[in-house]
Structure formats: C-alpha cells, structure tokens
1. How tilted is helix 9-25 with respect to the longest principal axis of the chain? Cα atoms for both, answer in degrees (0 to 90, nearest 10).
2. Measure nothing fancy, just the Cα-based angle from helix 58-77's long axis to the longest principal axis of the chain, in degrees from 0 to 90, nearest 10.
3. Could you tell me the relative contact order of the range 23-95? Use alpha-carbon pairs under 8 Å, at least six residues apart, and round to a whole percent.
4. For the chain, report the translational diffusion coefficient in µm²/s to the nearest whole number, using Stokes-Einstein at 20 °C, 1.002 mPa s, and a Kirkwood Rh over Cα pairs.
5. How do the peptides 69-76, 9-16 rank, highest first, by the average count of neighbouring beta carbon atoms within 10 Å per residue?
Ligand SMILES: [Zn+2]
C-alpha cells in the first residue's frame, strides 16, 4: 500500500541518516560508576558524562540525552518550513 503522506525520498533519507548518525554518536561507554554517596555516572561517546541526580535516575538521563541528540540531528536537516513544536531560529523559518 502506498503512503500518500510520505515525504519526498531525498528529505526522508537525509532525516533518516541524521537520526542514525546521532544514535551512533551517543552510545554509553563502559560500565556505570557508582559512588558511595549514591551518585552514579557513565560516559557517553560524545564526551559528555551522564549522571543521576536528586530527582532523576542515570537511566533517565541516558534516555533524555539520546532523545535530545536525535532531536537536534533531525531538526538540523528538516526543511525550514516544517511546523515545529520547539521554536527554531529565524534563519530556519520559511521565508
Ligand atoms: Zn552523547
């Protein structure tokens, strides 16, 4: 069955590649380090150290971090005119 709402193939491929790149650039490295004070951290392959906090778990930070990375990557290559939930810079708005 054909999807009438499908994006043009070129844009779709670009956005898919961006998402794949983001996924590959943000993988946790090694084991989580658990400290006596209850804090825990793990390295991301992008260089950022992911941690738990007073109101979030290490796993929650990992999930948010990956989601942010995917969002940023896809948002960067998405067509400027595509309506957004999160506001983007004026240079990305339709003219
Ligand atoms: Zn990362």
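1. Long axis of 9-25 versus the principal axis of the chain: about 10 degrees.
2. 20
3. 19
4. 137
5. Result, highest mean first: 69-76, 9-16.
Each reported figure results from applying straightforward, stated rules to the coordinates on display, with no laboratory input. Owing to the predicted nature of the structure, the values given are computational and were not obtained by experimental measurement. Quick reminder, even Gly has a Cβ in these numbers, built from the backbone with ideal geometry, and neighbours come from all protein chains shown.
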